[in-house]
1. Could you list all residues from the stretch 105-118 that are hydrophobic (A, V, I, L, M, F, W, C) and either modelled with pLDDT under 85 or in a strand (DSSP E or B) (or both)?
2. Within the stretch 58-77, is there a residue that is in contact (Cβ under 8 Å) with a residue 60 or more places away in the chain and either loosely packed, with under 15 Cβ neighbours inside 10 Å or out of contact with any Ser or Thr (no Cβ under 9 Å at 6 or more places or on another chain) (or both)?
3. Residue pairs, Cβ under 6 Å, 6 or more apart or interchain, first in the stretch 132-158 and farther than 19 Å from G40 by Cα, second open to solvent by 50 Å² or more (accessible area, probe 1.4 Å) and outside any loop (DSSP other than H, G, I, E, B). List them.
4. Name every residue in the stretch 58-95 that is within 14 Å of the chain's Cα centre (by Cα), in a loop (DSSP other than H, G, I, E, B) and among the hydrophobic types (A, V, I, L, M, F, W, C), in order of residue number.
5. Checking the structure you have, find out if any residue of the stretch 120-139 is surrounded by fewer than 13 Cβ atoms within 10 Å (Cβ to Cβ), small (G, A, S) and under 14 Å from the mean Cα position of the chain (by Cα).
6. So, in the stretch 33-49, exactly how many residues are surrounded by fewer than 20 Cβ atoms within 10 Å (Cβ to Cβ) and at pLDDT 95 or above?
7. If the requirement is being within 30 Å of R28 (Cβ to Cβ) and out of contact with any Phe, Trp or Tyr (no Cβ under 6 Å at 6 or more places or on another chain), which of these qualifies: G118, G106?
8. Based on this model, can you work out whether K18 counts as surrounded by 14 or more Cβ atoms within 10 Å (Cβ to Cβ) and touching a helix residue (DSSP H, G or I) at 6+ places or on another chain (Cβ under 9 Å)?
Amino acid sequence: MESGFVAARGFDATRVTKPGLGGRKYPRDFLRSVKKEGFGRITTPVNGRSYIRYVSGNSFAFAMRPTGGGGTLVSRFSCATRTGQFGLRHGAIIETLAPTIRQVFGSTRWKIVDTGGGLRRWQVDLYYGDAEPLGPGRFMARPRGTTFEYAYSEARVSK
């Protein structure tokens with residue numbers, strides 16, 4: 001969420017614009033986070049659109065809601081996997097056995113609705129939902145509500 005990217009918390013809050021934003025300016029670290037995560041919620045909607053999405057290269061666009069390859073992302077249910085993983089196909093349900101996942105996300109069932117080019121083999125990126133960032137640097141893409149970064153777990157995959 002744009003509201004969390006403030007200089008007082010150590011972020012580069014220099015307001016900059018990028019192609020596709022119609023000259024509107026946003027904190028530099030917020031746009032860096034959007035480029036990594038794909039979407040970011042803005043403080044003031046533009047033409048009814050409450051999100052900025054990363055398009056490609058250095059380009060962004062406004063969006064109604066965060067989406068993946070399978071439509072609108074659902075907090076604590078949607079997830080992404082690396083393309084080409086045997087068994088981890090679009091639309092499959094993953095159920096993890098890790099109690100840490102249930103504690104942090106309140107869920108153990110996730111539906112694969114997107115892919116992530118930066119994901120590692122067997123990595124599953126869980127969609128937390130709208131949240132301010134945990135902190136600057138490598139924590140920019142982590143939700144402020146948790147210090148959770150990753151967990152290892154066995155999982156079941158079903159249709």
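1. Step one: filter the stretch 105-118 for residues hydrophobic (A, V, I, L, M, F, W, C), giving 105, 110, 112-113.
Across the stretch 105-118, the qualifying residues are W110, I112, V113.
2. Within the stretch 58-77, none of the residues are in contact (Cβ under 8 Å) with a residue 60 or more places away in the chain and either loosely packed, with under 15 Cβ neighbours inside 10 Å or out of contact with any Ser or Thr (no Cβ under 9 Å at 6 or more places or on another chain) (or both).
3. Here the result reads A151/T100; R156/E95, each pair linking the stretch 132-158 to a residue that is open to solvent by 50 Å² or more (accessible area, probe 1.4 Å) and outside any loop (DSSP other than H, G, I, E, B).
4. L73, V74, F77
5. no
6. Final tally of qualifying residues: 7.
7. Working: G106 fails: within 30 Å of R28 (Cβ to Cβ).
Step by step, each of G118, G106 is checked, and only G118 is within 30 Å of R28 (Cβ to Cβ) and out of contact with any Phe, Trp or Tyr (no Cβ under 6 Å at 6 or more places or on another chain).
8. On the way: surrounded by 14 or more Cβ atoms within 10 Å (Cβ to Cβ): yes; touching a helix residue (DSSP H, G or I) at 6+ places or on another chain (Cβ under 9 Å): yes.
Judged against the criteria, K18 is a match.
The values are calculated or read from the model by the stated rules, or taken from the named source; none is laboratory data. Quick caveat: nothing in here was measured; it's all calculated off a predicted structure. Positions of Cβ are generated from backbone atoms using ideal geometry, with glycine treated the same way; all protein chains shown enter the neighbour counts. For the accessible areas, the whole protein counts, side chains as well, though only heavy atoms, and no ligand, DNA or RNA atoms are used. Shrake-Rupley method; radii C 1.70, N 1.55, O 1.52, S 1.80 Å.
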